[in-house]
Amino acid sequence: MAKLVISRLLAALSVLFFASLIAFVLLRVSPGDPARQVLGPQASAQAVAELRSEMGLDQSLPQQYVTYVSDLVRGDLGTSWRTRVPVAEELSNRIPATIELAVTAMLLSIALAIPIGVLSAGRRRSIDRISRAGAIIGLGTPPFWLGLVLILVFFTWLGIAPAPFGRLDEGLAPPSEVTGFLLVDSLLAGDFAVFSNALAHLALPAITLALPLAAYLSRIVRRSTIDVYRLDYIRTARAKGAGERRVLFRHALPNALLPVLTLSTLYFGELLAGSLLVEAVFNWPGIGGWVAQSIVAQDFAPVQAVILMGALVYTTLSAMTDVLYGVADPRIRTART
Amino acid sequence: MSGVTIDPRAAARARGRRGGRARAWWRAAGDAGLRKVLIGLALFVAVALLGPLLWGRDPDQVQLRAALLAPDLSHPFGTDEYGRDVLARFLSGARVSLLLGVSAVLGAAVVGLVLGAVSGFYGGFLDGLLNRFLDGLLAFPALVMGMSLALAMGPGALPAGLAVAITGVPWYARVVRSEVLSLKSRDFVAAQRALGASRRHILTRHIVPSVLGGVSVQASLGVAYAVLAIAGLGFLGLGVQPPTAEWGSMITEGRSYLTSGQWWISIIPGFGILILVSLSVALGEGLRDHLDPYGKARY
């Protein structure tokens, strides 16, 4: 078991190394000069050269990489050249908004996918046909466009959704910050007006992110439910006189949902990427809009930090999944990883 | 590989496998559901290729007097803020999406196929290194790669397509590698070796054709993913640049008119993406039922 954990950890570290290298090189080969970008076209060549050396841009690429990694190890993500704010600080300000959105979307999609998947695993072919068609259309829907359609219908036409700007109505004071998640903080403060307003703002972006994921997961739930129902222990449970309801909830579902949970954690990175677009649509003050602006301004540090964070989330989740599978299944523990 | 016993039936079985492969493609072609999807895709391609010729309006012609017209007979999809015909832009956008999406996927599939086949077949140190590198790539969603490339090369069609292609490579390499690993230990490969075939011959003539089914499943799903990612980059302003009509950037252009009631500029191009992506997903799912060696057992 320890061997599995260590080998997974080493693999995760090497993936992180390659990801940081890729991100670093990609961002450094850009043709523009960030120092010139910061100082503007009027600045003298000497000022630009001074700033370049201050930024470390006059060093060779390998040197810059070593500096970058050693800063990283000490927890220094660098400073935004555009805003002069440390990246770590800005990241911690913005990340709760993104996480709140992504987690809500994830829970919503699981809540949709399980009943749909189980129903379409049943004997009724018509339900399965409809859910398959729905899943294909759901996968085909561009999330940012879906967000605009929802804004058009629920804000412009029906007028029941709040304006797609941010997490709260303007003029509403956010609750004192404990977790940074507005839903949690407002409940802790007992402020139900803020809670319901935050929920209303969260609803459309969360639905936008959740629907394509729900489409994908529902097919996986269906597949794994069908697979589990073929197994002997289900027949045994039935033979012992368990009702269909008990067979489903007590015997079949817990096993059928295992791959669903794995895949949904693996999908989390994809969800974060999707939230870049959806945040732009709803003017959500998360990391998405920040990254987009930083890219336009050739501000390396935030972009690098977010890429690295994405790689970290991805490798951590996939390593965790592998180890947890090892715990659950002894065959994986001994197999070569 | 010493100690290989020559099995006279192995060669025959290898031939049989080949026949099985052809049969699988044939069966796939006979699948009624899959045929509908193929007809849909053929229609889509026809519209993308012939549409602009038949409709005949210039997608880039600015006519400020005709700006923001609602859909009617002379402009079935309305006009945008510069009075350009949305139908004409929609049709030329179809070409852009199809061309960029398919070429990105082809590039990714070929590179992934080669890398996966080589690393699976020869194994060893190269295999380990390639795998780590490809796993590192896997941590980049296409959108993030597209942003980085847009930053490095300046936004445009080329970095967008490259980003989609590069992030696609590990998916093909993985599919091919795992399949090559299992094929490598099969009897027909041992038989070929016993008959004196070179490794290159075995790889190119016997193993690669066997993995094409899996690759084409992955590629159809890949087109779906590519079209979505390219449209997403266009939406952020990091993809195909204006004034070229591209669906993602058309959606952005119409965004500010959504709340004032001119919905057609943004909403109509989205349907184009929806249709193309859904058809590609359906094609991939349909092909998987027939061509994937693990068939329906896989999710």
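Some observations on this one:
- Any hit, the stretch A:168-187, residues being open to solvent by 50 Å² or more (accessible area, probe 1.4 Å), assigned to a helix (DSSP H, G or I) and modelled with pLDDT of 90 or more: no
- Counted residues, the stretch A:246-268 - those being small (Gly, Ala, Ser) and either buried (at least 24 other Cβ atoms within 10 Å of the Cβ) or at pLDDT 80 or above (or both): 2
- Verdict on A:ILE295 being of a type in the set (Val, Ile, Thr) and under 16 Å from B:GLY146 (Cα atoms): yes
- Meets criteria (part of a helix (DSSP H, G or I) and touching a residue at least 24 places away in the same chain (Cβ under 8 Å)) for A:THR236: no
- Residue in the stretch B:253-262 that is more than 9 Å from chain A (Cβ to nearest Cβ), in contact with a Leu (Cβ under 7 Å, 6 or more places away or on another chain), under 22 Å from A:LEU263 (Cβ atoms) and not charged (D, E, K, R) present: no
- Complete set of residues in the stretch B:253-292 that are farther than 18 Å from A:PRO212 by Cα and aliphatic (A, V, I, L, M): B:LEU258, B:ILE265, B:ILE268, B:LEU287, B:LEU291
- Test: residue in the stretch B:184-205 that is within 14 Å of chain A (Cβ to nearest Cβ) and either modelled with pLDDT of 85 or more or assigned to a helix (DSSP H, G or I) (or both): no
- Positions within the stretch B:242-256 being in contact (Cβ under 8 Å) with a residue 40 or more places away in the chain, closer than 15 Å to B:LEU91 by Cα and part of a helix (DSSP H, G or I), in sequence order: B:TRP247, B:MET250
- Looking only at the stretch B:52-101, and only at residues there that are polar (S, T, N, Q) and without any contact (Cβ under 8 Å) to a residue 24 or more places away in the chain, the one that is most open to solvent (accessible area, probe 1.4 Å): B:GLN63
- Considering the stretch B:138-148, and only residues there that are assigned to a helix (DSSP H, G or I) and facing chain A (nearest Cβ under 7 Å), the residue that is surrounded by the most Cβ atoms within 10 Å (Cβ to Cβ) turns out to be B:MET147.
- In the set A:ALA305, A:ALA239, A:ALA301, A:ALA335, only one residue is at pLDDT 80 or above and surrounded by fewer than 17 Cβ atoms within 10 Å (Cβ to Cβ); that residue is A:ALA239.
- Residue within the stretch A:104-112 that is part of a helix (DSSP H, G or I), out of contact with any strand residue (DSSP E or B) (no Cβ under 6 Å at 6 or more places or on another chain) and surrounded by fewer than 18 Cβ atoms within 10 Å (Cβ to Cβ) present: yes
- Among the residues of the stretch A:274-290, those that are buried (at least 24 other Cβ atoms within 10 Å of the Cβ) and either part of a helix (DSSP H, G or I) or touching a Cys at 6+ places or on another chain (Cβ under 8 Å) (or both) comprise A:GLY274, A:SER275, A:LEU276, A:LEU277, A:VAL278, A:GLU279, A:VAL281, A:PHE282, A:ILE287, A:GLY288, A:TRP290.
- Residue check: A:GLN46 meets all listed conditions (1) more than 23 Å from B:GLY154 (Cβ to Cβ); (2) within 14 Å of chain B (Cβ to nearest Cβ) but one, namely (2).
- Taken as a whole, the condition of being in the same structural domain as A:TRP290 (by TED's automatic domain parsing) and either at pLDDT 85 or above or buried (at least 18 other Cβ atoms within 10 Å of the Cβ) (or both) applies to A:THR141.
- Residues of the stretch B:278-299 satisfying the condition of being open to solvent by 30 Å² or more (accessible area, probe 1.4 Å), at pLDDT below 65 and part of a helix (DSSP H, G or I): B:LYS296, B:ALA297
- Taking the stretch A:141-171 as the range and being more than 10 Å from chain B (Cβ to nearest Cβ) and aliphatic (A, V, I, L, M) as the test, the residues that pass are A:LEU150, A:LEU158, A:ILE160, A:ALA161, A:LEU168.
- Test: residue in the stretch B:201-208 that is in contact (Cβ under 8 Å) with a residue 12 or more places away in the chain and under 30 Å from B:SER97 (Cβ atoms): yes
- Screening the stretch B:215-256 for residues that are open to solvent by 30 Å² or more (accessible area, probe 1.4 Å) and touching an Asp or Glu at 6+ places or on another chain (Cβ under 7 Å) and picking the one that is modelled with the highest pLDDT gives B:GLU253.
- The lone exception for B:LEU115 - which of (1) touching a helix residue (DSSP H, G or I) at 6+ places or on another chain (Cβ under 6 Å); (2) part of a helix (DSSP H, G or I); (3) within 14 Å of another protein chain (Cβ to nearest Cβ) it fails: (3)
- Residue within the stretch A:213-228 that is open to solvent by less than 40 Å² (accessible area, probe 1.4 Å), facing chain B (nearest Cβ under 10 Å) and closer than 30 Å to A:GLY78 by Cα present: no
- The set of residues in the stretch B:263-277 that are more than 7 Å from chain A (Cβ to nearest Cβ) and free of Cβ contacts under 8 Å to residues at least 24 places away in the same chain contains only B:PHE271.
The values are calculated or read from the model by the stated rules, or taken from the named source; none is laboratory data. Bear in mind that the values here come from a model prediction, so they are computed numbers and not experimental data. All Cβ positions, even for glycine, are placed from backbone atoms using ideal geometry, and neighbour counts span all protein chains on display. Ligands, DNA and RNA are stripped out before the accessible areas are found, and what is left, the full protein with its side chains, is counted by its heavy atoms. Shrake-Rupley method; radii C 1.70, N 1.55, O 1.52, S 1.80 Å.
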